[in-house]
Every structure is written in structure tokens, then in C-alpha cells.
Amino acid sequence: MENIKTVAILCAGGPAPGINTVVATITKRFLSDGYRVIGLNHGYSTLFKEETNYIELTYEIADRIYLKGGSYLKMSRYKPKNEEFNDRFFKKENITLLVTIGGDDTASTANRISLFLEEHHVNIQNIHVPKTIDNDLPLPSGIFTFGFQTAKDEGARLAKTILEDARTNDTWFVVSAMGRTAGHLALGIGNACHYPMIIIPEMFYKTKVTFDNIMKLIISTMVKRKIMGINFGGVIISEGVFHHIDEETIKNSGIIFSYDEHGHPELGLLSKSHIFNQLLEVELKKLNLKIKCRPVEIGYATRCVDPIAFDLRFCTTLGYAVKELYDNGDSRCIVISTPQGEYKALSMAEISNDEGIIAPRLVDMQSQETKSMMRSFETLRTSDFEAAKKYLPDPENYTMKSILKFEL
């Protein structure tokens with residue numbers, strides 16, 4: 001075994017539809033060329049320990065998993081420190097290629113490991129496959145991160161049912177969608193389903209993200225639809241808006257949080273939709289607006305579904321691209337497959353700053369598509385003020401311009 005060139009694959013971070021397709025494609029391509037392929041369980045967490053947790057990947061396994069959601073290889077968010085690094089596993093298993101599948105943290109860690117091995121004269125290549133349902137890695141224009149399209153598709157399937165439930169029962173739903181820093185997923189789901197309001201962090205580029213501004217946008221939409229004679233609806237909010245609200249505001253919101261050992265609110269333990277819905281109910285009561293609203297979370301349900309045809313094909317091409325880049329001698333790079341059918345190696349240096357930090361790709365608020373989408377949001381306009389006074393004492397404070405401080 002030690003004389004056979006070996007490819008090691010690991011998956012880190014959170015799951016995304018298409019992981020198994022990437023792993024299976026890489027496995028088949030390298031096995032057919034006489035390589036050994038192994039898969040590491042639990043990401044980086046056992047890579048530098050005495051006993052690394054890995055399995056042999058066979059053609060039979062690859063053939064069985066390539067269509068399935070989830071990840072056959074166990075995942076972990078563990079990030080090893082530089083002092084943990086050693087070359088034991090790479091030498092023992094004769095690793096010639098480390099394939100990492102993950103987001104920006106996974107890529108950055110892989111880059112640090114590659115530098116360490118290079119300094120210690122251990123010759124291996126590293127190729128990173130970008131993965132996140134958030135679609136927020138700064139890849140060239142028009143190139144998605146794998147899993148995004150499937151997550152959007154599943155999210156839209158759920159969001160359509162939620163909106164139909166709202167219509168059936170004359171109810172409003174406050175829906176929270178995943179997206180740690182960017183609003184691509186929430187915007188994609190909401191736009192596909194014609195939600196009357198979609199709230200993403202990028203919208204607040206002229207003003208602060210506050211609970212008050214978020215509540216005003218929702219209430220503006222509710223009142224607008226009341227004027228239109230429609231007593232139901234839905235609002236989709238990207239969870240990323242929470243990361244732009246300062247801790248003091250969160251602590252003073254009236255919501256009961258648990259706190260970590262550093263005194264920070266543990267936002268990950270709470271449903272964002274429940275928080276927004278609870279705050280909304282308080283505001284509706286203040287305004288004496290009798291509107292029934294309910295919270296719904298679109299989150300984990302989108303991460304492990306079977307990939308749709310787009311991601312099956314896209315992830316297959318990424319797997320092929322890994323083999324092509326490896327044969328070309330590329331390393332310390334991110335693999336991309338362009339819409340024109342070209343495979344390219346994107347250097348980490350091209351998308352990271354001097355500290356090696358990769359800035360997220362945000363929704364382009366100046367694009368024609370985004371502006372057109374926002375113009376379609378059902379919110380109060382000047383022409384609605386007279387009718388809106390039946391519900392609000394100051395409707396002029398509930399326009400998108402007054403809330404977001406810009407004109408579309």
C-alpha cells in the first residue's frame with residue numbers, strides 16, 4: 001500500500017447537496033488511473049492525531065453514493081492550530097494529493113497545511129473544491145458554489161407551500177432562510193416564489209441594520225397588502241442580518257438569550273424566525289394591528305437533500321476538474337468549472353487579503369436584476385399614504401426610501 005500513490009479527500013464545515021457527487025467522481029477518476037483513494041472522517045479533527053480516522057473509498061462505494069444528498073464522509077467544523085501540524089499521516093499513507101471540500105475556512109486551513117508541508121519538504125498537492133449553500137465565496141462572476149442551486153430549489157418548494165398556507169388561512173408567515181453573511185439564498189428563494197418582501201443584510205448599505213428597520217419593512221408590506229385587499233402574505237429574512245446587529249441592541253431587544261463564556265448571545269441556539277416573529281407581534285400590538293403571524297425556519301432541511309440535475313452535473317465536472325488540475329501539477333488552488341466548460345485553478349492569493357482572509361461575495365445591490373426585484377416589493381408608496389392612515393399614524397416613515405435611505 002505504501003508504494004501506491006494515494007489521494008485523500010476530506011469534507012469540512014456544513015453539508016451541501018452534491019458533496020457525494022464530488023467525492024464519487026474524484027474516486028472513480030483516480031481509481032481508474034491506478035491510485036488509491038481514502039476519505040477522512042470528521043474533517044480535519046483527526047488528521048494530525050496518532051490514529052487518523054479514514055476509510056478506503058472503492059468504486060462500489062462511489063457508484064452507490066454519487067446521487068445521494070448528505071455526506072458519506074463525516075464532517076466537522078474543527079480548525080486545527082498551526083502547532084498541531086505534523087507530516088505523519090501524509091508520509092505514512094504516501095499522500096500525493098489532498099482534496100478539501102468546504103468553504104472559506106476549510107480552504108484557508110488547507111492553505112496553511114500546504115505551506116507547513118512545503119516547509120518540511122513533504123511534496124503533496126492540495127486542490128480545494130468550493131462548497132456552500134450560501135453562494136458567498138468570491139468566485140468569478142456567473143459561477144455558483146455547488147449545492148446552492150439545490151438548496152434554493154428545496155427552499156422554494158417549502159416556501160411555496162408556506163405561502164399557500166398563508167393564503168388558505170389569511171395568515172402571515174415570517175420565514176428565516178440560511179445565509180451567514182450574504183443574502184443570495186433568501187433572495188433566490190423569495191424571488192422564485194414572489195414573496196412580497198425579502199430582507200437581506202446587503203439592503204442596509206446606506207443605514208444600520210436594526211430590529212426597528214426590519215419591523216418597519218415587514219409592517220409596510222402588511223399594510224400595503226391590506227390596502228390591496230389581501231390579508232395574507234410572507235416575508236423572507238436572511239439570517240445574516242443578525243450578524244450586522246450590534247450585541248447591545250440584541251441584548252436590549254427583550255428576547256431571552258443564553259450567553260457563552262465570553263458573554264456573547266448564543267444566536268446559533270435560537271430560531272431566527274421565532275425572534276423576528278416575537279418582535280413583530282410586539283410592534284403589531286403597539287399599532288393595534290390585528291394581524292396573525294407565525295414563524296417558519298428554512299434552514300437545515302435544505303442542506304442534505306438529494307442534488308438536483310444542475311448540481312449533479314456541476315459536481316461531476318468539478319470532480320473531473322480536480323483530476324485535470326492534478327495532472328497539470330496545480331496546487332494550493334481552488335478548482336472552478338466555467339459555464340464555457342473550462343477548468344481553472346483559482347489561486348487562494350487572488351481571493352484573499354494580506355491576512356489570508358477570504359471576504360464573502362455579497363449580493364450586488366447595484367445590478368439591474370436586484371434593483372428590479374426590489375422595485376417589485378409590495379411596500380407603501382406616497383400614493384398609499386391616505387389609505388394607510390387607517391392603520392398607521394405616520395405612513396411616511398414606512399416607505400422603503402425612508403427606511404433604507406436610498407431611492408430605487
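Read the figures in this text as sums done on the coordinates, not as results from a lab. None of these values were measured; they are calculated from a predicted model. So basically every Cβ, Gly included, is an ideal-geometry build from the backbone, and we count neighbours across all protein chains shown.
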Listed peptides 105-112, 327-334 by packing density, highest first (mean Cβ within 10 Å): 105-112, 327-334
On Cα atoms only, tilt of 19-32 relative to the major axis of the chain in degrees: 20
Nonlocal amide H pairs with VAL37, under 5 Å, H built at 1.01 Å: VAL7, LEU57
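What ranking do TYR72, TYR326, TYR78 get, fewest neighbouring Cβ atoms within 10 angstrom at the top? List each step's numbers first, then the result.
Working: TYR72 19, TYR326 22, TYR78 13.
The fewest-first ordering by Cβ neighbours comes to TYR78, TYR72, TYR326.
If you take the beta carbon distance between GLU407 and ALA359 as r and set R0 to 35 Å, what does 1/(1 + (r/R0)^6) give as a FRET efficiency, to the nearest 0.05?
Working: r = 27 Å, r/R0 = 0.79.
Given R0 = 35 Å and the Cβ-Cβ separation, E is 0.80.
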Within straight-line cross-link reach of LYS251, aspartates and glutamates at Cα separation under 19 Å, skipping those fewer than 8 residues along the same chain: ASP212, GLU239, ASP260, GLU261, GLU266, GLU281, GLU283
Loop GluC sites (Glu not before Pro), the stretch 285-356, which have at most 12 other Cβ atoms in a 10 Å radius of their Cβ (DSSP): GLU342, GLU355
Distance between the stretch 274-352 and the stretch 237-255 - C-alpha centres, whole angstrom: 23
Extension reserve of the ARG313-ARG167 stretch, reckoned as 0.36 nm per residue once the Cα distance is removed: 48.9 nm
For the stretch 73-133 and the stretch 1-64, distance of Cα centres in Å: 13
Per-pair calculated FRET efficiency, R0 = 25 Å: THR207 and GLU248 via Cβ, rounded to 0.05: 0.90
Whole-number percent relative contact order across the chain, with pairs defined as alpha carbons under 8 Å at least 6 apart: 21
Under 13 Å from the Cα of LYS206 - aspartates and glutamates, other chains or at least 8 residues apart: GLU407
Helix-only [θ]222 nm of the chain, DSSP H runs n ≥ 4, -39500 (n - 2.57) each, per residue, nearest 500: -11000 deg cm²/dmol
Residues whose placed amide H lies under 5 Å from that of ALA359, excluding near-sequence neighbours: ASN353
Residues of type lysines that LYS226 reaches as a straight line, Cα spacing below 23 Å, ignoring anything fewer than 8 places off in the same chain: LYS160, LYS216, LYS285, LYS286, LYS290, LYS292, LYS389, LYS390, LYS401
HIS121 versus ASP63: modelled label distance in nm, points set 7 Å from Cα along the beta carbon direction: 4.4
